[in-house]
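Just below is one structure, and these are the notes that go with it.
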Amino acid sequence: MESFTEENYLKAIYHLSLLSNGTVQTNAIAEKIKTKPASVTDMMKKLADKNLVDYIKYQGVSLTEKGKLTAIGIVRKHRLWELFLVQSLGFKWDEVHEIAEELEHVNSDLLIRRLDEFLGYPKRDPHGDPIPDQQGNFEESAVTKLSKLQPGEQGTIIGVTEHSAEFLKYLEKTGLTLGTQISVEDINPFDGSIELLLEQKKISISKEVAKNLLMKL
């Protein structure tokens, strides 16, 4: 059984590996975990001893199959707890991340199986992120970032890639929540801001916001 800290490292490496070719630099891990590179190096040695990562000094780190399955299991618990908090306890989607960060470390396979069953074996969490099944498989879904759409194209918001409370509150305020249908009216060539038609009203959002909204066309 891994410690809370080890699990947090594995999850961080997993998320960072999705943005790279699978190999993650220790400096990137240090930035995500908010710790010193030397501390990351020490932890990588411990995780390597447990066969959870492959670590080569100065070349980076990658998850072993055992490490990847462990990380996906943590992600699964996190997202199930987020959905439970929203769906069953009335939390808002901008209130659940930090609580789920604590709950994801509960090590009871039976509890998580019962939680999954109670929720109806959901495929996505409140932020639209896919929830892996018990075997670690994710549902495949074709998504496109809103920033990639051109004028005249339309789709439905099905996910976000930024989970900060500030960003989620902004989306709530502007009406850009999951399930909302929008169409791209115009793109400003100067700064890339996008004019959207949202339920018969027009709004303008920045390119940065658009990069963090996932669409199903």
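A Cβ-based charge dipole, computed about the Cα centre of region 4-63 with Lys and Arg at +1 and Asp and Glu at -1, lands at about 120 debye. Reported to the nearest whole Å, the Cα centre-to-centre distance from region 1-73 to region 75-112 is 23. You can think of it this way: the chain between LYS202 and GLU162 has 12.1 nm of extra reach, that is 0.36 nm per residue less the Cα-Cα gap. Rounded to the nearest 10 degrees, the inclination of helix 165-174 to the longest alpha-carbon principal axis of the chain is 20 degrees.
Is the shape of region 136-179 best called rounded, prolate or oblate, per the rule: a/c under 1.5 gives rounded, else a/b larger than b/c gives prolate, else oblate, with a ≥ b ≥ c the square roots of the Cα gyration tensor eigenvalues? Judged from the Cα gyration tensor, region 136-179 comes out oblate (a/c at least 1.5, b/c at or above a/b). Each Lys and Arg Cβ is given +1 and each Asp and Glu Cβ -1; about its Cα centre, region 60-173 then shows a dipole of about 200 debye.
Per-residue Karplus couplings for region 43-60, computed as 6.51 cos²θ - 1.76 cosθ + 1.60 with θ equal to phi - 60°, are listed in order as 5, 4, 5, 5, 5, 5, 4, 8, 6, 9, 9, 9, 10, 10, 4, 6, 10, x Hz, Gly and Pro entered as x. Working note: Debye formula, equal point scatterers on the alpha-carbon atoms of the chain, no solvent; log10 I(q)/I(0) at q = 0.13 Å⁻¹ is -0.84. Please say if region 144-216 is rounded, prolate or oblate, where rounded means a/c under 1.5 for a ≥ b ≥ c the square roots of the C-alpha gyration tensor eigenvalues, and otherwise the choice is prolate for a/b larger than b/c and oblate otherwise? Because its axes are fairly even, with a/c under 1.5, region 144-216 counts as rounded.
Positive-end ranking of GLY60, LEU18, VAL40 along the dipole of region 4-63, with charges on Cβ about the Cα centre, is headed by VAL40. Net charge of the neighbourhood of VAL184, taken over other residues with C-beta under 9 Å away and scored Lys/Arg +1, Asp/Glu -1, is -4. Placing +1 on the Cβ of every Lys and Arg and -1 on the Cβ of every Asp and Glu, with nothing else charged, gives the chain a dipole about its Cα centre of roughly 340 debye.
Taking other residues whose beta carbon is less than 14 angstrom from the beta carbon of LYS207, and scoring Lys, Arg as +1 and Asp, Glu as -1, yields -2.
With angles folded into 0 to 90 degrees, how steeply does helix 4-17 sit against the dominant principal axis of the chain? Use alpha carbons for both and round to 10. Value to nearest ten degrees: 50. Largest accessible area first, the residues TYR55, TYR9, TYR170 order themselves as TYR170, TYR55, TYR9 under a 1.4 Å probe with ligands, DNA and RNA left out. Roughly speaking, to the nearest percent, how much of the chain's 1.4 Å accessible area is carbon and sulfur? Whole-percent figure for carbon plus sulfur exposure: 49.
The angle separating the long axis of helix 65-87 from the principal Cα axis of greatest extent in the chain is about 50 degrees. Once the 1.4 Å probe is applied to the protein heavy atoms, region 144-216 comes out at 57 Å² accessible per residue.
The values are calculated or read from the model by the stated rules, or taken from the named source; none is laboratory data. Given the structure is predicted, the values throughout are model-derived calculations rather than measurements. All Cβ positions, even for glycine, are placed from backbone atoms using ideal geometry, and neighbour counts span all protein chains on display. What goes into the accessible areas is simple: the full protein's heavy atoms, side chains included, and nothing from ligands, DNA or RNA. Shrake-Rupley method; radii C 1.70, N 1.55, O 1.52, S 1.80 Å.
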